[in-house]
Amino acid sequence: MIKHKFLSDEWLTAVIDLQAEYRERLPKPAMPMRMNQIVNGAPVEGGVAHLHVDTTVGYGKLGKGHIEGPDVTVTTEYDVALALLVQNDQAAAMQAFMSGRIKVLGDMTKLMVPPPPPNDAQKELEAKIRDITE
């Protein structure tokens, strides 16, 4: 399996393709949300990755760049984003938030709604994302 540096263009393209493959089998989002993400220290030109997640379409849709009118914008560092988005390390995310390494602008309540429990397809997708991540 080909591995890609986390948040590189190749990684984002591979993850977007995987999400499209699994879309119909994943649990529905707990709450509709439009979120922009800014990740500092990313392996992209300028060192800052801009991406978004939109669940208002009935599933979690990851995309490159920002969307207009987000409910919330989250800014963090590369290692924190990796722990949260790939390793699903909620404890690391909470520690980073409490120490100010995660900044939130907008409706924070959208982030506080617990996600639905992962089904087998979600677990499989998460494992594939970990497998392609360098």
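Quick look at the numbers
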read-out	value
Residue identified as at pLDDT 95 or above, among the aliphatic types (A, V, I, L, M) and surrounded by 16 or more Cβ atoms within 10 Å (Cβ to Cβ) among VAL74, VAL48	VAL74
The range 1-21, residues that are under 18 Å from VAL74 (Cα atoms) and not in a loop (DSSP other than H, G, I, E, B)	LEU12
Which numbered condition ASN88 fails, given (1) modelled with pLDDT under 95; (2) more than 12 Å from the chain's Cα centre (by Cα); (3) on the phi > 0 side of the Ramachandran plot	(2)
Matching residues, the range 22-46, being without any contact (Cβ under 8 Å) to a residue 40 or more places away in the chain and over 15 Å from VAL80 (Cα atoms)	ARG23, GLU24, PRO32, ARG34, ASN36, VAL44, GLU45, GLY46
Conditions (1) touching a residue at least 40 places away in the same chain (Cβ under 8 Å); (2) part of a helix (DSSP H, G or I); (3) over 16 Å from VAL104 (Cα atoms); (4) among the aliphatic types (A, V, I, L, M); number of the one not met by ALA83	(1)
Subset of the range 110-134 (residues that are touching a strand residue (DSSP E or B) at 6+ places or on another chain (Cβ under 9 Å) and part of a helix (DSSP H, G or I))	LYS110, LEU111, ILE132
Candidates GLU68, GLU24, GLU10, filtered to the one that is among the acidic types (Asp, Glu) and either buried (at least 18 other Cβ atoms within 10 Å of the Cβ) or over 23 Å from LYS123 (Cα atoms) (or both)	GLU68
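Each row is one residue, and each column tells you yes or no for (1) of a type in the set (S, T, N, Q); (2) in contact (Cβ under 8 Å) with a residue 12 or more places away in the chain.
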{"site": "GLN87", "(1), (2)": "yes, yes"}
{"site": "ALA91", "(1), (2)": "no, no"}
{"site": "ILE102", "(1), (2)": "no, yes"}
{"site": "THR109", "(1), (2)": "yes, no"}
{"site": "PRO114", "(1), (2)": "no, yes"}
{"site": "ALA121", "(1), (2)": "no, yes"}
{"site": "ARG130", "(1), (2)": "no, yes"}
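The values are calculated or read from the model by the stated rules, or taken from the named source; none is laboratory data. None of the values given here were measured: they were computed from a predicted structure. Here Cβ is always computed from backbone atoms with ideal geometry, including for glycine, and neighbour counts include all displayed protein chains.
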